[in-house]
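K.L.:
Questions regarding the structure given below will be posed in turn.
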């Protein structure tokens, strides 16, 4: 038997061992009191005639009342201690798992769906709540009751204990056999639940698109299909559990009938009193219930092992190595030396191949080209989301591979076509740029003014405390862009990446956003992933990419002189299609 999975989960108890020790003391006191009650009942039954004449002694009544009150107190305290320990473990495990996941490289999230990871973080971890502490406490209490009750049974009548000696091993054997099946079935249930959660998360995240294309019925059908698989797995698990419960019930009643019949015969022989038989039945009930609890717990524990296998696989992931040199303040010089890259999910296709590029500090370079040309890949490599498969990238002469990614990113900021905003306030979204220290309200407002955002923010009733909603749903596209620009302003980077920052805006919004971008770009090395001609004509240099290679570079005027070059061809195509100067260059 492999004990490693069991020990791996039990190690989670270490941080709450003090709380658990106190709970175990309370549990022990409660079990001792419980084991004393059947003996007291037996004495009262066997002395009923005597007590009818003399009455029940007051001290006996007080002792039993005191025992009942003490049992209630230790039971309540035991329950609280175990429950609170369980909540501490689950919360700590969730934090640990989230911390590991959030530190994984971007390639990890390319392979794993967000809905699946969320399901692991919440649903799978929660399965430990009942089994690891509350369930384990219940089984420990059952063990104590089992041992104490068995001792009491033997002291009352060793002969009458024989039927139970057959029942208990049979029930434990059934529990072990069924528990081995529970683990695999529980893994299937959790996997199917994660799949259904993934379907729900995708459709909720894109609910506007679902409504726009009247796909509500299709979404329901896909979710119904996903939950049907989860239901099939759960029903299979339920059939196994119900079969086990039926067999256990049969064994229990066979043992009870045998005990009653044999006990009645012993009373007739004068070898057992009515009170002792009553106490024996109570103790037998305690022991059989404890044995049932032990087998139930084993099944529950094996289901928990199956449900949390994936959680512990994720916990064993090594966090991304954030070690490396801490670069001094960078000026923004960037060099690509024969850089090649393939995305892990598409190893057969080169995203970049043999790219050589040198950017001077403060230079503005625009990247243009068709979709899949490699523009966004260059941005991803600059942000350290991926490492080059070949060649190297230098920042102020430092090889990026030798620098700490977090330290390097402090000198880089990005403004995207669809800015990523969190559901908090506008001020919180701007402060997000600087995690290293507390950012004052004056700094936030200064960044917003430079980004042309201060006036529209103050127009909201709550000003900078306005909650933007999930993904900034309460704001217009231009407003979100200007908040993103303010965020980049606050970061004060040496290197700025503009990923189609104005391509989705109307003319009025673009004018305001462009004014903010002009402020932001001053004195910084800027990489512009271009979509509109008006965005790139003023760039110091334009790079035309295709098939992961740089096909042409130069200023707008220089590139147009090469009438047969790819840039001029791109211009003719776009101007013919849109018939205006600010026509989009290409879908990036």
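K.L.:
Answer with yes or no whether residue 41 is touching a helix residue (DSSP H, G or I) at 6+ places or on another chain (Cβ under 7 Å), surrounded by 13 or more Cβ atoms within 10 Å (Cβ to Cβ), part of a helix (DSSP H, G or I) and modelled with pLDDT of 80 or more. Give the derivation first.
P.N.:
On the way: touching a helix residue (DSSP H, G or I) at 6+ places or on another chain (Cβ under 7 Å): yes; surrounded by 13 or more Cβ atoms within 10 Å (Cβ to Cβ): yes; part of a helix (DSSP H, G or I): yes; modelled with pLDDT of 80 or more: no.
No: the conditions fail for residue 41.
K.L.:
Suppose the filter is at pLDDT below 85, assigned by TED's automatic domain parsing to the domain that holds residue 437 and surrounded by fewer than 22 Cβ atoms within 10 Å (Cβ to Cβ); does residue 506 pass it? Spell out how you get there, then give the answer.
P.N.:
Details: at pLDDT below 85: yes; assigned by TED's automatic domain parsing to the domain that holds residue 437: yes; surrounded by fewer than 22 Cβ atoms within 10 Å (Cβ to Cβ): yes.
In short, yes.
K.L.:
Looking for something more than 23 Å from residue 486 (Cβ to Cβ), modelled with pLDDT under 90 and under 33 Å from the mean Cα position of the chain (by Cα) - is there at least one such residue anywhere in the range 410-429? Lay out the reasoning, then the answer.
P.N.:
Of the range 410-429, the ones more than 23 Å from residue 486 (Cβ to Cβ) are none.
Checking the range 410-429: not a single residue is more than 23 Å from residue 486 (Cβ to Cβ), modelled with pLDDT under 90 and under 33 Å from the mean Cα position of the chain (by Cα).
K.L.:
Separate question: Scan the range 392-404 for residues that are buried (at least 18 other Cβ atoms within 10 Å of the Cβ) and either out of contact with any strand residue (DSSP E or B) (no Cβ under 7 Å at 6 or more places or on another chain) or at pLDDT 90 or above (or both) and jot them down. Full working, then the answer.
P.N.:
Step one: list which residues in the range 392-404 are buried (at least 18 other Cβ atoms within 10 Å of the Cβ), which gives 393, 395, 400, 403.
Once the filter is applied, which keeps residues that are buried (at least 18 other Cβ atoms within 10 Å of the Cβ) and either out of contact with any strand residue (DSSP E or B) (no Cβ under 7 Å at 6 or more places or on another chain) or at pLDDT 90 or above (or both), the range 392-404 yields 393, 395.
K.L.:
Further, regarding this structure: On the basis of being closer than 30 Å to residue 161 by Cβ and touching a helix residue (DSSP H, G or I) at 6+ places or on another chain (Cβ under 8 Å), does residue 115 make the cut? Can you show your working first?
P.N.:
Working: closer than 30 Å to residue 161 by Cβ: no; touching a helix residue (DSSP H, G or I) at 6+ places or on another chain (Cβ under 8 Å): yes.
The answer is no for residue 115.
K.L.:
Quick check on residue 174: is it assigned to a helix (DSSP H, G or I), over 29 Å from the mean Cα position of the chain (by Cα) and modelled with pLDDT under 70?
P.N.:
Numbers: assigned to a helix (DSSP H, G or I): yes; over 29 Å from the mean Cα position of the chain (by Cα): yes; modelled with pLDDT under 70: yes.
Yes: the conditions hold for residue 174.
K.L.:
Turning to a different aspect of this structure: Consider residue 158 carefully, then state whether it is assigned to a helix (DSSP H, G or I) and either under 24 Å from residue 254 (Cα atoms) or at pLDDT below 70 (or both).
P.N.:
Numbers: assigned to a helix (DSSP H, G or I): no; either under 24 Å from residue 254 (Cα atoms) or at pLDDT below 70 (or both): yes.
For residue 158, the condition - assigned to a helix (DSSP H, G or I) and either under 24 Å from residue 254 (Cα atoms) or at pLDDT below 70 (or both) - is not met.
K.L.:
Check 317, 330, 305 and return the single one that is within 25 Å of the chain's Cα centre (by Cα), modelled with pLDDT of 70 or more and not in a helix (DSSP H, G or I). Spell out the reasoning first.
P.N.:
Values: 330 fails: within 25 Å of the chain's Cα centre (by Cα); 305 fails: not in a helix (DSSP H, G or I).
One residue alone meets the criteria, 317.
K.L.:
Restricting to the range 515-531, name every residue that is modelled with pLDDT under 85 and in contact with a helix residue (DSSP H, G or I) (Cβ under 8 Å, 6 or more places away or on another chain).
P.N.:
Hits for the range 515-531 are 516, 517, 519, 520, 530.
K.L.:
Quick check on the range 373-384. Is at least one of its residues at pLDDT below 90, over 26 Å from the mean Cα position of the chain (by Cα), more than 20 Å from residue 335 (Cβ to Cβ) and outside any helix (DSSP H, G or I)?
P.N.:
Yes - at least one qualifying residue is present in the range 373-384.
The rows are residues; the columns are (1) free of Cβ contacts under 8 Å to residues at least 24 places away in the same chain; (2) exposed (fewer than 15 other Cβ atoms within 10 Å of the Cβ); (3) in contact with a strand residue (DSSP E or B) (Cβ under 8 Å, 6 or more places away or on another chain).
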residue: 76; (1), (2), (3): yes, yes, no
residue: 102; (1), (2), (3): yes, yes, no
residue: 105; (1), (2), (3): no, no, no
residue: 116; (1), (2), (3): no, no, no
residue: 122; (1), (2), (3): no, yes, no
residue: 157; (1), (2), (3): no, no, no
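K.L.:
Looking at the range 340-368, which of its residues are under 35 Å from the mean Cα position of the chain (by Cα), surrounded by 14 or more Cβ atoms within 10 Å (Cβ to Cβ) and either in a strand (DSSP E or B) or modelled with pLDDT under 85 (or both)?
P.N.:
Pass one, the range 340-368, residues under 35 Å from the mean Cα position of the chain (by Cα): 340-352.
Retained after the next criterion (residues that are surrounded by 14 or more Cβ atoms within 10 Å (Cβ to Cβ)): 340-343, 350-352.
The answer is 340, 341, 352.
K.L.:
Within the bounds of the range 268-287, is there any residue that is within 25 Å of residue 43 (Cβ to Cβ), under 42 Å from the mean Cα position of the chain (by Cα) and either in the same structural domain as residue 127 (by TED's automatic domain parsing) or part of a helix (DSSP H, G or I) (or both)?
P.N.:
yes
K.L.:
Shifting gears a bit: As an exercise: evaluate residue 468 against (1) in contact with a strand residue (DSSP E or B) (Cβ under 9 Å, 6 or more places away or on another chain); (2) modelled with pLDDT of 85 or more and give the number of the one condition it does not meet.
P.N.:
(2)
K.L.:
Related question: Taking the range 430-447 only, how many residues are without any contact (Cβ under 8 Å) to a residue 60 or more places away in the chain, closer than 22 Å to residue 495 by Cβ and not in a loop (DSSP other than H, G, I, E, B)?
P.N.:
Restricting attention to the range 430-447, the residues satisfying the condition of being without any contact (Cβ under 8 Å) to a residue 60 or more places away in the chain are 431-447.
Still in the list and also closer than 22 Å to residue 495 by Cβ: 431-437, 439, 443, 446-447.
Still in the running and not in a loop (DSSP other than H, G, I, E, B): 431, 443, 446-447.
Residues in the range 430-447 being without any contact (Cβ under 8 Å) to a residue 60 or more places away in the chain, closer than 22 Å to residue 495 by Cβ and not in a loop (DSSP other than H, G, I, E, B): 4 in total.
The values are calculated or read from the model by the stated rules, or taken from the named source; none is laboratory data. As the structure is a prediction and not an experimental result, all values here were calculated from the model. Cβ atoms come from the backbone with ideal geometry, glycine included; neighbour counts cover every protein chain shown.
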